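Right, one structure below, let's go through it.
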Amino acid sequence: GLFFLSGMTSLIYETLWIRVLSLGVGSTSVSMSIVLSIFFLGLSVGSWLTGHLANRISKPLLTYGLIEAAIGLYSLFLIHLLFIFHQVLALLPAGEAFSHAALVGKFLIVFALLIFPTTLMGASLPLLIRIFVTSNADLGRKVSILYGVNTLGAVAGAFLTGFYLIPSFGIATSNHGAAAINGLI
């Protein structure tokens, strides 16, 4: 259940952050690629790092809980930084906003804002594998179940955000609700 909720909040954040960043970065394929590439890079780095360290972590469940709490806490502040970010970018002259240098600058700023929480999100699966997989015979089945549960949560998060949360509560309140779920996890 916790990993379902974790997947759900991850996609709630991704959807909200893309929505807010599209105001400043733009909604072109290049701009969307910037956001998604950073998101997936963070997930990959977090999974890789924690995968190498998981066996050395003496309390993986506590570590998992602290990671989820850190994601929620950071996300409470991040959404407001993203709102400020798009307002600052709106001050750029239109011609400069689409230059290669502007795109690189946007990428670096978005990278600095998103790499921390997305890396933490990626760290969760190796920790749960460490908790739930007790033998190599169970490895494939249990990892598949964990990944599937997380993916179902992600689908629920994307669906809820687009069709219910944003229209009913707006971006900031939806973000704060997801942060509260991370705190509960």
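The values are calculated or read from the model by the stated rules, or taken from the named source; none is laboratory data. These figures come from a predicted structure and were not determined experimentally. Every residue, glycine among them, receives a Cβ derived from its backbone with ideal geometry; neighbour counts consider all protein chains shown. Ligands, DNA and RNA are excluded from the accessible area calculation, which covers all protein heavy atoms including side chains. Shrake-Rupley method; radii C 1.70, N 1.55, O 1.52, S 1.80 Å.
For the reader, a short list of remarks on this structure follows.
- Reported to the nearest whole Å, the Cα centre-to-centre distance from segment 101-146 to segment 1-43 is 13.
- Estimated FRET transfer efficiency (Ile115, Lys59; beta-carbon r; R0 25 Å; 0.05): 0.50
- Helical content of the chain, expressed as a calculated mean residue ellipticity at 222 nm, amounts to -29500 deg cm²/dmol (DSSP H runs of 4 or more residues, -39,500 (n - 2.57) each, divided by residue number, nearest 500).
- With Cα atoms, 0 to 90° folded angle of helix 2-25 axis to the chain main axis: 10
- The relative contact order of the chain comes to 49 percent, based on Cα pairs under 8 Å that sit 6 or more residues apart.
- Crossing angle, helix 166-184 versus the chain [Cα axis fit, 0-90 degrees, rounded to tens]: 40
- Taking Cα atoms only, the orientation of helix 100-132 departs from the longest principal axis of the chain by about 10 degrees.
- The heavy atoms of Phe132 present about 100 square angstrom of accessible area, all protein chains included, probe 1.4 Å.
- Solvent exposure of the chain, expressed per residue, is 52 Å² of accessible area, with all protein chains present and a 1.4 angstrom probe.
- When the residues Arg141, Arg130 are ordered by accessible surface, computed with a 1.4 Å probe over the protein chains alone, the sequence from largest down reads Arg141, Arg130.
- Report note on the peptides 142-150, 52-60, 118-126, 170-178: ranked by the mean count of other C-beta atoms within 10 Å, highest first, their order is 118-126, 170-178, 142-150, 52-60.
- With every protein chain in place, segment 47-185: carbon and sulfur % of accessible area (1.4 Å): 74
- Simple spin-label estimate for Val45 and Ile145 in nanometres, 7 Å along Cα-Cβ: 3.3
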